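Asker: A single structure is presented below for examination.
Read the figures in this text as sums done on the coordinates, not as results from a lab. Computed from a predicted structure; not experimentally measured. Backbone-built Cβ (ideal geometry, glycine too); neighbour counts: all protein chains shown.
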Amino acid sequence: MKRRLRAVRFQTEPLPCYAAAVGYNPTMQRVFASVLIVSWALWLGGIGTLFLAATTLFAAFPDDRQIAGTAASAIFRGFDRYQLLLAAVLLLATFGSYVYRRTRLRTFLFCLFAFATLNAVVSAAVITPRIETLRQTGVTATPQFRRLHGSSMLVYVTQAAALLLAGLMLPSVFREPLPEATHGPDR
């Protein structure tokens with residue numbers, strides 16, 4: 001009983017002009033879009049959760065600010081690592097999406113995410129360690145601590161605003177029409 005193997009030919013449509021140059025296909029674009037949207041939502045939702053958790057801790061322990069400060073400090077340190085990871089994933093997904101379809105809108109989206117990432121780096125590398133040092137030495141009632149706390153709030157609110165603006169742009173970014181496919185020099 002011999003089986004004959006048939007040759008199967010796959011006929012594919014040529015990829016859009018940008019995608020053809022780098023070897024991406026529409027499925028890859030959907031992967032980039034999905035990763036981008038999920039990481040954006042996790043980051044923005046994380047900032048909202050951070051605000052809620054910090055205020056709730058100090059409301060729950062109004063008489064013992066040291067316990068609330070210790071718990072909030074651990075939350076902020078963990079969130080700094082979390083947001084840096086999400087920022088890296090988000091920038092890579094946005095860049096991959098841009099390589100597939102180069103538009104000004106995607107460039108602006110990347111710039112917004114880069115701005116939010118820069119804020120995350122400043123928070124994680126500069127502000128949070130200084131606040132932690134002051135908290136550990138017990139000097140939380142000083143003008144320096146209040147100034148750093150205000151700077152931290154400004155950084156997080158700025159991040160949230162940049163991420164919110166980027167999120168409002170996401171539907172437009174992924175609704176853009178694809179460029180016409182090029183079939184060769186005869187077009």
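Asker: What net charge is computed for the residues neighbouring Phe110, neighbours being all others with C-beta under 14 Å from the C-beta of Phe110, Lys and Arg scored +1, Asp and Glu -1?
Answerer: +4
Asker: Same structure, new question: If you average 1/r across every pair of different Cα atoms in the stretch 15-146 and take the reciprocal, what Kirkwood value do you get, in Å?
Answerer: Computed over the stretch 15-146, the radius equals 17.0 Å.
Asker: Using a Förster distance of 30 Å, how high is the FRET efficiency between Leu85 and Phe58, based on the Cβ-Cβ distance and rounded to 0.05?
Answerer: Values: r = 27 Å, r/R0 = 0.89.
Computed FRET efficiency for Leu85 and Phe58 comes out at 0.65.
Asker: Now, a different point. Is the shape of the stretch 58-120 best called rounded, prolate or oblate, per the rule: a/c under 1.5 gives rounded, else a/b larger than b/c gives prolate, else oblate, with a ≥ b ≥ c the square roots of the Cα gyration tensor eigenvalues? List each step's numbers first, then the result.
Answerer: Details: a/c = 5.34, a/b = 3.55, b/c = 1.50.
Here the stretch 58-120 falls in the prolate category.
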